[in-house]
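Take a look at the structure below.
The values are calculated or read from the model by the stated rules, or taken from the named source; none is laboratory data. As the structure is a computational prediction, the values presented were derived from the model and not from experiment. Glycine also receives a Cβ, built like all others from the backbone with ideal geometry; neighbour counts cover every protein chain displayed.
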Amino acid sequence: MAVILKVEGLEVEFSVRGQRLKAIRKASLDLYEKETLAIVGESGSGKSVLIKSLTGMLEENGEITKGSIKFEGMDLATLKKNSQWQGIRGKKIATVFQDPMTALNPMRRVGSQIEEAIQLHSGESRKSARKKAIELMEKVGIEGAASRFSQYPHEFSGGMRQRIVIAIALACQPKVLLCDEPTTALDVRVQAQILDLISGLQEELGLTVIYITHDLGVVASVADRVAIMYAGQIVEYGGVEDIFYRCAHPYTWALLSSLPQLAFGNEGIYAIGGTPPSLYHDIKGDAFAPRNPYALKIDFEEEPPFFKVGDGHYAKTWLMDPRAPKVKRPKALQNLHGRLKEIYP
Amino acid sequence: MKKILLDIKGLEVCLGGKTIVQDINLPIYEGETLSLVGESGSGKSTIGRAILGLNPVSRGEVIFDGKNIENPKTKALKRFVQENIQMIFQDPASSLNERANVDYIISEGITNFKRYKNEAQRKHLVGQALESVGLLAEHGSRYPHEFSGGQRQRIGIARAMIMDPRLIVADEPISALDVSIRAQVLNLLQDFQKTRGLSYLFIAHDLSVVRYISHRIAVIQKGRIVEIAPAETLFNNPLHPYTQSLLSALPIPDPILERKKKRALHPSSQAIPSGTLKEVAPGHFVLRP
C-alpha cells in the first residue's frame with residue numbers, strides 16, 4: 001500500500017516557564033492510504049501533540065525542533081505561517097476533536113458553521129455551500145437535516161453534535177481524518193453509532209484515519225494498525241492482531257494486562273507501578289525502564305532501537321535483542337483471546 | 001441473611017419542576033458494592049446525591065441503619081448522615097479546595113466532628129489516612145496542584161476514609177483517570193472494603209470496569225431502574241432490551257471477537273420505561289409491563 005504521510009525523527013518541544021519540555025522525542029510513523037491507524041497511550045504520552053503537529057496546531061509555546069512530516073511532496077514540519085497551512089489544514093487533513101461541546105461555536109447555527117468550512121476552502125457561492133452543507137448533514141445521519149440546519153448546537157444531543165463536527169471535518173473532502181478521542185465524552189451506545197459512522201464514511205470516501213484513544217476496546221473495533229506511545233515516543237507498532245495477540249514491548253504488556261477483563265478473583269486489576277518520567281529532563285536509556293519489571297541493566301543505560309517482531313511489527317525494547325534473556329509475555333496475555341471469548345460468549 | 005444498610009423505597013426526585021428519577025427501590029447491603037449504571041442524564045448521580053441530602057427527595061424514603069434520612073432537617077440528622085456516608089467525586093481536579101493544603105482538606109471532617117483529643121493525634125490520623133491510600137504523611141503540607149490526577153483522587157479517597165464511613169457514594173471515581181491509574185484506585189477501594197467491611201454505591205457508565213468490582217448492578221434508564229442483578233448474571237443473561245443494547249455497544253478489547261460481534265438494535269424510544277420490577281430469578285429483577 002502507498003504511504004500517504006510519513007513522519008520521520010520528529011521532535012517537538014514546549015517552553016514552559018523558562019523550561020524546555022520535550023513532548024515528542026524522535027517519533028517516526030508511516031501512514032498508509034485508506035488505513036485506520038490507532039495511536040494508544042496515556043495522558044502525557046504525546047499522542048495529541050503528535051496529531052496537532054500534523055496540522056500545525058501546536059500551542060504558541062510549542063515548536064517542531066527536528067524531523068520531517070512528508071505529505072504530498074511537501075514537508076509540513078517546515079511550514080510556519082498560517083497562510084502556508086491554508087491549503088492543508090482542514091482541506092486535506094481534518095480533525096475531529098474529543099469534545100463536541102467546545103469544538104462548535106455555541107453562538108452560531110450549526111448549518112452556517114458547516115457552510116463556512118465549505119466556503120472558506122472552495123470559494124463556492126453561499127447557495128451551493130448551503131446545499132452541500134445539508135447533504136453533509138444527511139450523510140452523517142442527521143434526520144430532517146434541512147430543518148435542523150438553522151438550529152444551535154445546544155439543541156443537539158452530544159452524539160448529534162459530534163456528527164456535526166464530523167460533517168465540518170468532511171466539508172472539504174479531506175484525504176486524512178484525525179480523530180482525537182472522538183467518543184470519549186459520549187455514552188457507549190452513542191459511541192458505537194459514531195464509530196460505525198466514521199468507518200462507513202471512511203469506506204465510502206476512501207479516507208485515511210488516525211484515531212487517538214486510550215480505550216483498547218475502541219482500538220480493537222476500528223484499527224487496522226496500532227502504534228503504542230510512551231513518554232513522547234512510539235515504542236511498538238504493528239497490525240491490530242500483532243499488538244493484541246503477539247505484543248513484545250513490556251509497556252504494551254502492561255497496558256493490556258490492566259484490562260479489567262483480565263482481573264482474576266482476588267488478585268485485583270493489574271496496575272502499572274510508578275509514574276511516567278518527567279519530560280523536562282533528558283531521559284537516559286529506555287524511558288519505561290524504572291516501571292518495567294522485566295528491565296535489563298542496559299535499559300537504564302542505552303536507548304533501545306526498534307527490533308523486528310514480525311512483518312510490519314516492530315518493538316523498541318532490548319528484550320528483543322538476540323543477546324537478551326528469553327522473557328515470555330505475561331501469562332494473562334498468552335491466551336488473551338481465549339480468556340475474552342469466555343467472558344463474551 | 002445479609003443485613004440491609006441503606007434502603008431506598010419509592011424514591012422520586014423532582015428538580016426544577018421536572019421528575020428526574022422515580023419509583024426507585026434499592027436496598028444496599030452491608031459490605032457490598034452496588035453499581036448504578038446508565039447513560040448521561042439517566043439520573044444516576046441524582047440518586048447518589050439524594051442519599052446524601054444534596055438533592056431534595058420529593059417522594060419516598062431513604063433509610064440508613066433504621067433511620068429515615070431523606071431531606072435531613074435537624075442538625076443532628078445531618079451530622080448522622082455526614083458521619084456515616086461519604087462521597088468520592090468524579091473530577092479530582094475540581095473536588096479539592098485548591099487553596100487549602102492536603103492536611104486541612106483531609107482533616108476537615110474530623111475537625112467538624114472533634115474526632116481527636118489534641119494536635120498530635122490529629123496529625124497522626126491524617127498521616128494514617130494518607131498512608132492508607134499510598135501517599136506519604138509529609139504530603140500533608142502540599143497543595144492539590146502539586147499532585148497528579150491519580151494522586152489527587154487518592155486524596156479524595158483519604159478525605160472520605162478518615163471519617164470511617166459505613167457507606168461511600170462514589171460518583172464516577174475513575175472516569176477521569178488513565179487506564180493504569182484506574183487499576184490502582186479500584187484496587188485501593190476494594191482493599192478498603194475487605195479490611196473495613198464498608199459498602200459502596202458505585203455510579204458509573206463504563207460497564208467493563210463495573211463488572212469486576214460490583215456484587216450487584218442496577219441499570220437505570222431515564223430515571224427508572226430497568227434491571228437489577230448480580231454482576232455476572234447481568235452480563236451473562238441480560239433480560240431488559242436496554243441492558244442488552246448497552247452491553248452489545250460495549251467494544252470488546254479483542255479484534256477477532258469485535259469483528260464477529262453483532263450489535264443489538266438501539267431502541268431509540270424517548271418514553272420513560274413503564275412497568276414494575278419482577279423477580280425472574282433469585283436476586284434478578286427486570287422491569288416488565
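Here are the numbers for the structure shown:
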quantity	calculated
Scan of segment A:254-277 for residues that are surrounded by 11 or more Cβ atoms within 10 Å (Cβ to Cβ) and either more than 10 Å from chain B (Cβ to nearest Cβ) or among the polar types (S, T, N, Q) (or both), ordered by number	A:Ser257, A:Ser258, A:Gln261, A:Thr275, A:Pro277
The listed residue being in contact (Cβ under 8 Å) with a residue 24 or more places away in the chain, farther than 30 Å from B:Ala229 by Cβ and either within 14 Å of another protein chain (Cβ to nearest Cβ) or not aliphatic (A, V, I, L, M) (or both), out of B:Asp103, B:Asp7	B:Asp103
Hey, A:Asp242 within 12 Å of chain B (Cβ to nearest Cβ), over 25 Å from B:Ile256 (Cβ atoms) and surrounded by 20 or more Cβ atoms within 10 Å (Cβ to Cβ) or not	no
Lone qualifier among A:Tyr245, A:Tyr314 - being assigned to a helix (DSSP H, G or I) and in contact (Cβ under 8 Å) with a residue 12 or more places away in the chain	A:Tyr245
Residue within segment B:92-104 that is assigned to a helix (DSSP H, G or I), over 24 Å from the mean Cα position of the chain (by Cα), over 23 Å from B:Lys44 (Cβ atoms) and not small (Gly, Ala, Ser) present	yes
Tally, over segment B:22-41, of residues that are within 14 Å of chain A (Cβ to nearest Cβ) and crowded, with 22+ Cβ neighbours inside 10 Å	4
Test: residue in segment A:190-205 that is in contact (Cβ under 8 Å) with a residue 12 or more places away in the chain, on the phi > 0 side of the Ramachandran plot and either of a type outside the set (Ser, Thr, Tyr) or assigned by TED's automatic domain parsing to the domain that holds A:Ser278 (or both)	no
Some residue of segment A:100-121 being within 19 Å of A:Thr208 (Cα to Cα), of a type in the set (A, V, I, L, M) and either in contact with a helix residue (DSSP H, G or I) (Cβ under 6 Å, 6 or more places away or on another chain) or not in a loop (DSSP other than H, G, I, E, B) (or both)	no
Hey, A:Tyr237 within 13 Å of chain B (Cβ to nearest Cβ), over 12 Å from A:Glu35 (Cα atoms), touching a Phe, Trp or Tyr at 6+ places or on another chain (Cβ under 7 Å) and not aliphatic (A, V, I, L, M) or not	no
Selection status of A:Ala287, modelled with pLDDT of 95 or more, among the small types (Gly, Ala, Ser) and outside any helix (DSSP H, G or I)	yes
Some residue of segment A:79-86 being of a type outside the set (Val, Ile, Thr) and surrounded by 19 or more Cβ atoms within 10 Å (Cβ to Cβ)	no
Hits in segment B:124-181 (condition: within 17 Å of B:Tyr104 (Cβ to Cβ), polar (S, T, N, Q) and in contact with a Leu (Cβ under 9 Å, 6 or more places away or on another chain))	B:Gln151
Pairs, first at pLDDT below 85 in segment A:252-269, second assigned to a helix (DSSP H, G or I), C-beta under 7 Å, six or more apart	A:Ala263/B:Tyr212; A:Gly268/B:Asn187; A:Gly268/B:Gln190
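Listed here are the residues, each with its yes/no results for (1) within 26 Å of B:Val21 (Cβ to Cβ); (2) crowded, with 24+ Cβ neighbours inside 10 Å; (3) touching a Phe, Trp or Tyr at 6+ places or on another chain (Cβ under 9 Å).
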{"site": "B:Asp171", "(1), (2), (3)": "yes, no, yes"}
{"site": "B:Arg182", "(1), (2), (3)": "no, no, no"}
{"site": "B:Asp191", "(1), (2), (3)": "no, no, no"}
{"site": "B:Lys194", "(1), (2), (3)": "no, no, no"}
{"site": "B:Ser208", "(1), (2), (3)": "yes, no, no"}
{"site": "B:Ala229", "(1), (2), (3)": "yes, yes, yes"}
{"site": "B:Phe235", "(1), (2), (3)": "yes, no, yes"}
{"site": "B:Ala249", "(1), (2), (3)": "yes, no, no"}
